[in-house]
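None of the figures in this text is laboratory data; all of them are computed from the coordinates on show. Values in this document were obtained by computation on a predicted structure and should not be read as measured data. Cβ coordinates were reconstructed from backbone atoms using ideal geometry, including for glycine residues, and neighbour counts include every protein chain displayed.
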Amino acid sequence: MKDLILSILTIFKYTGKVFTTLRNLVFNLLFILVIILVVFSLMPRKGIHLSPNTTLDLTISGNVVEEKRFTSAIEKMYLPTDPASEFEAETLLQDILDIIDGATADKDITVLRLDLRHLNRAGLNQLREIGRALKQFRAAGKRIIAAQDNYTQIQYYLAAYADTVILNPMGTVFLHGFGVYHLYFKQALDTLMVNYNIFKVGTFKSALEPMTRDSMSPEDRKQTREWLTALWNLYTDDIKKLRPLKPSAIRKYTSDLAAQLKSTGGDSAKLALKLGLVDKLLTREQSSAYLTKVTGRSQDSLKNNHISSGNYLKLLRNRLKSAYSQGKIAVLVAEGNIVPGKQPAGIIGGDSLSEMIHKAKKDASIKALVLRINSGGGSAFASEIIRQELLEFKKTGKPLVVSMGAVAASGGYWIAADADEIWASPATITGSIGIFGAIPTFEKTLSTYGIHSDGIGTTPLASGLNLARPLSEPLKSAIHQTISRGYEQFINIVSTGRKLEKSHVQSIAQGRVYDGTTAVKLGLVDRLGSLDDAVKAAAGMAKLKDYHRQFLQKPISVREQFIRYLTDGIEGTFLTEKLKIVQPFIYFLENNVSNGMKDLLKVRDPKGLYAYSLYTLAL
């Protein structure tokens, strides 16, 4: 027995030594790795230098956004683009503008080549801001070339700013107009016997229509037609100013395409050339030869004398001056759904955005704040938390200016209303001053399977929001009163913040959506202009001539960094050919079947009150 015990102890002894050795080895390797990374980060890197007559390749890929959201590698697997591709799923609008503005002033860059092949989505106001920068680039005596196999409607808008628009002889320009088409689920919900309890204020408040109807309501059809027509007119008017088109060219192309194609024997590329939508029909090889001719360089020289937009952005950042004498104008981006609590980039958290506003309030070097809003709203509670913090900011005497992006409606307008000035684009979708609540109950669904809920409580409200039971009448009444009170609060906020008569606000509210130009006429917006215009206005209010525009960014949390680290290699491991096949179907479900409702379902308001607009414009 003694020998057995000694043998066991010996085994544990050597096992312990093995584990100790392995542990020390692992920690030593990690320590060495950290040292290597530190040394590598401190090593001087080869700088980026430009030579005269350089061509800038401006690549815009994925969705154009105001703030990039956090996405793990697992989520990237389901993106419609190839996850192994070098192209990003999102491109920051401000990065694009900085690149073009920098190149405009850069004497070494003479040609800009637009690479829009992977551009997916952008708001019309974002496209117009990019177009404004491209126009200034051309005004500086420099050339822009756009050459693609095909152009989507969104890609063609930017291509129209080029000196020369080249299309592949087998290509097409896809112009089809703007449209809004929802899927409606009332019949499906009735079939499933789901009892949707709807509480809303606002005749035009249509966010829940997909759940309560099988077709678009007359009120929603009316308001949607108005702002869609206004935005389509903006789009076509801009193209007509940029391209040598006959007045009826776009109308013929979009309304009578079949008849127009007959004139070219069904050749869509020749039709685009005939109507003046493009300048040349060239193959890829011919396009490269044309660019060589434009730059006056040989093919080999051209390859060595161009710079990508990513590298040029790095070069610009290295040139930036960090110190300014008079102060900073802070720009804070609020993009995404408005949700209670702390949220990552790409979602507006009531607490996280309020903390950033509070920091701007306390920072003595910040002399004014520009809040850039690109949101259809969400939680009424979170919207009010943000608005309250903005009111505290205003008490400092620092100017508060709002710049609206593609959409600043419902909750997005709630947080904008108290600004000293509101700026929007003519293409901004705004308004939607309304509020609603929606609670589904499943008692009928369960009863079909022989499942019933019963019990007893001490008060009529004891069952609460039990989704297995119908809402009690006292609870329905309470919710309705809360919704009505929330709407009245919204009206008062707009009336006070915009200095408008309450009766006027009531007449233009009701959940109605407006384009930016109409919003100015109604007093919901003060001025039309870009983010730059809003920053200049804030600087003027703060009486600053020399200032630094600083974008305030939420830091990436340790949790987000950890998730990104853990999932970094998953794409290549698990992305099989089968997944690539189902990607288009997943993308369809993500962007069409959900129809915006998926975003609403992520919002959790403590009172169940939502100031949310379903509308964004997909070009």
query: What list of whole percents do you get for P(r) of the range 415-518, with Cα-Cα distances grouped in 10 Å bins up to the one holding the largest distance?
result: 13, 31, 21, 18, 14, 4
- prompt: Expressed as a fraction of 2.2 N^0.38 Å, the rule-of-thumb size for a compact globular protein of N residues, what is the C-alpha radius of gyration of the range 472-551?
  reply: 1.58
- prompt: Ranked by Cβ crowding within 10 angstrom, fewest neighbours first, how are Arg317, Arg512 ordered?
  reply: Arg317, Arg512
field: Under-5 Å amide H pairs with His548, H placed in peptide plane, nonlocal only
entry: Gly327, Lys328, Ile329
field: Size of electric dipole in the range 127-285: Cβ of Lys, Arg +1 and of Asp, Glu -1, about Cα centre, debye, nearest 20
entry: 620
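Which ordering of Arg113, Arg549, Arg284 is given by a fewest-first count of other beta-carbon atoms within 10 Å? Don't skip to the end; give the middle numbers.
Details: Arg113 21, Arg549 17, Arg284 12.
Going from sparsest to densest Cβ surroundings: Arg284, Arg549, Arg113.
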query: What per residue convex hull volume, in Å³, comes out for the range 317-443 when only alpha-carbon positions are used?
result: 139
message: Which chymotrypsin sites (Phe, Trp or Tyr not before Pro) in the range 431-483 sit in a loop by DSSP (not H, G, I, E or B) and have at most 10 other Cβ atoms within 10 Å of their own Cβ?
response: Tyr449
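What relative contact order, as a whole-number percentage, does the range 168-242 give when Cα pairs under 8 Å and 6 or more residues apart are counted?
Working: 38 pairs, mean separation 26.1, N = 75.
Over the range 168-242, the number comes to 35 percent.
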message: For a quick check of your reading of the filter: which trypsin sites (Lys or Arg not before Pro) in the range 340-437 sit in a DSSP loop and have no more than 11 other Cβ atoms within 10 Å?
response: Lys395
